[in-house]
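Okay, structure first, notes after.
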Amino acid sequence: MSSFWFKPKKYGYGASPVTREGWIATIAYGVLVFAVTLLCGVGSAPQGNGASLSVWIIWGVLMAVLTGGFIWVSRVKTDGDWRWRWGDET
């Protein structure tokens with residue numbers, strides 16, 4: 001089994017999941033983002049009673065930690081470097 005979960009994208013910047021572990025990490029990140037958003041209640045505003053500023057700050061910090069962690073794992077587990085690509089390199 002390969003130790004790399006992602007491969008560099010052919011066009012653009014970043015990486016795409018190529019193994020089961022990469023897909024699980026990507027789906028887990030999406031589920032965690034959705035769950036934190038629901039738990040903080042930032043996506044709903046019944047009768048104009050939106051989330052308070054402190055809830056938005058907590059949500060922002062949690063999103064930054066989740067996203068930073070996912071980017072770090074993706075970069076560590078990518079087979080190659082992250083850089084801008086224009087397609088086939090000849």
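Read-outs: derived from the displayed coordinates by stated rules, not from any lab. Keep in mind that this is a model prediction, so the values were computed, not measured. In this analysis, Cβ positions are derived from the backbone assuming ideal geometry, glycine residues included, and neighbour counts consider all displayed protein chains.
What is the extension gain from ARG83 to VAL61, computed as 0.36 nm multiplied by their sequence separation minus the C-alpha to C-alpha distance, in nm to one decimal? Intermediate results must be reported in sequence, preceding the final value.
On the way: separation 22, 0.36 × 22 = 7.92 nm, distance 2.66 nm.
Result for the pair: 5.3 nm of gain on full extension.
Helix 20-40: angle to the longest alpha-carbon principal axis of the chain, degrees 0 to 90, nearest 10?
10 degrees
What does the charge add up to near TYR13, with Lys and Arg as +1, Asp and Glu as -1, over the other residues with Cβ less than 13 Å from its Cβ?
It works out to a net charge of +4.
At q = 0.23 Å⁻¹, what log₁₀ I(q)/I(0) does the chain have when each alpha carbon counts as one equal point scatterer in the Debye sum?
-1.06
If contacts are Cα pairs under 8 angstrom and at least 6 residues apart, what is the relative contact order of the chain in percent?
46 percent
At 7 Å along the Cα-to-beta-carbon direction for both ARG75 and VAL18, put a label point, then send me their distance in nm to one decimal.
2.0 nm
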